[in-house]
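Shown next, in structure tokens, is the structure this report addresses.
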Amino acid sequence: MAIWQRVQGTFLRLGWGKTGSRVLWMALPLLAALWILLRLISVDAVAKSSTEGASHANGHSTPRAAWHTLYEPSEPLKDEPLGLAPGGKAAAGTKTPAKPPREKPTENGETLFLQTYQLLNAGEHAQAMQVAQTMVERFPNFQLGQFIYADLLASLSGGLHEREALLQHPDVRQRLSQLKAEALQRTRHQDKAFFAGQYPAPVRYLSPNVAQVVLVDAQKSRLYVLANQRDDAGKRSFKVVFDAYVSIGNNGMGKWREGDGKTPAGVYFVQKHLTDPMLPDLYGSGALTLDYPSPIDKEQRRTGSGIWLHGSPSQQYARPPTATDGCVVLANDDMTRLIQLGLKADTPVVIAEQLTWHDAAKAPHLKAPPKAWPEPEQMRKTPGDWQLISAFEWTDKQQNVAVLSHELQTASRTPKRLHSYWVMEGQRWKEVGRPGS
């Protein structure tokens, strides 16, 4: 009975139901769902992702580097399910020695989830219980964490016998599917060391005047911030200084119409920082507004507005991978950390369905502006010395598109910037619009 009371308390902390009957109704299917969740999230799913080919811009395919969790195992993980076998016993073949992280991560819901995940995989169930308990105490609205903790409690009491019948309930099956997707995306988290010496394909050039660039990889449910800095040898390089799990539109990528529930793909720029006293609870701890639709979007007759990077409602730690109206949504603690980076207005934000990374040492164009770019008409008509400070290029609907940013060199502390937008027609670039047009 004591175990059952702890399970009830776990779900009450989530705010699911005010009466005892509703708590019981919610707790039973969720406990059953998690037993299946831990059985379904297998190491095989993570291992398979490492063998997929990455398609590069030049048409060649090279093996993608293996995915690793934040807590990288010292031996290859075996093709065995994670979690507990029926009756609370460790599933056979799951014990794998754990390896300390390369750097101590910022402790949040995700890092605690990954610790629990790794400990379960290593068969260290007592330690997994301790970490899971810390996770739900510190982040009571983290539903994925609550599921794992409830499963560990239920496995001790043998309270999983009803799982087969309860999993026939459509709502339970849908929630299970969402949690499985979130858990799998979080376990695909890559150590920041993976990105050392790499750059994302859409970035063609960044001058020292552009301090940071934000990248969203929808396929991986991940947001990165790259700092444009000098390394120990004095050479300019990119460094991933922030990354976080995100949710995108409930209908995926490729926004075309207002209300279509999709997230746009392209390059946008930060406009404003909005903090929580100014926002409804829907937007969580803060928001960064973006300039969607861009002139390229308008040229292609895309509609809609209000695409932001923002936090989550207070009762929800994070959303499933595809669960927004089109915005890119982070957990509130991640959103707070993102805002604390001090991203300036006009910071570029690349939103891509899938990001491809290249070796920066083999990309001479990153060190100097590409010679083939044309000058925007507005720049030619404005007196002054304009300097190219960023260039992005990608393929959109089988058409090459580009966004260039120039900065007017003046003594002003707030330099004037100009963003121009281009599409490739035949072998020539055509300017398609300007901000405000």
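The values are calculated or read from the model by the stated rules, or taken from the named source; none is laboratory data. Because the structure is a prediction, the values reported are computed rather than measured. Positions of Cβ are backbone-derived with ideal geometry, glycine not excepted, and every protein chain shown enters the neighbour counts.
Here Q198, Q143 are screened, and the one residue that is outside the structural domain of D359 (by TED's automatic domain parsing), surrounded by 17 or more Cβ atoms within 10 Å (Cβ to Cβ) and at pLDDT below 95 is Q143. Within the set Y292, Y268, the sole residue that is within 28 Å of S390 (Cα to Cα), aromatic (F, W, Y) and outside any strand (DSSP E or B) turns out to be Y292.
Of the residues contained in the stretch 273-286, none is found to be within 22 Å of Y421 (Cβ to Cβ) and either buried (at least 18 other Cβ atoms within 10 Å of the Cβ) or basic (K, R) (or both).
Of note, A345 does not satisfy the criterion of being assigned to a strand (DSSP E or B), farther than 18 Å from E431 by Cβ and aliphatic (A, V, I, L, M). K371 meets the stated requirement of being without any contact (Cβ under 8 Å) to a residue 12 or more places away in the chain and part of a loop (DSSP other than H, G, I, E, B).
Only one entry of L330, L309, L338 meets the criterion of being crowded, with 20+ Cβ neighbours inside 10 Å, within 20 Å of the chain's Cα centre (by Cα), of a type in the set (A, V, I, L, M, F, W, C) and over 26 Å from S207 (Cα atoms), and that entry is L330. Select from the stretch 287-304 the residues that are within 21 Å of the chain's Cα centre (by Cα) and under 30 Å from Q399 (Cβ atoms) and write down the one among them that is surrounded by the fewest Cβ atoms within 10 Å (Cβ to Cβ). Here the answer is D291.
The set of residues from the stretch 245-263 being surrounded by fewer than 21 Cβ atoms within 10 Å (Cβ to Cβ) and under 27 Å from L226 (Cβ atoms) comprises G252, M253, G254. Just one of the listed residues (R417, R413) is under 30 Å from the mean Cα position of the chain (by Cα), within 19 Å of V210 (Cα to Cα) and of a type outside the set (A, V, I, L, M, F, W, C), and it is R417.
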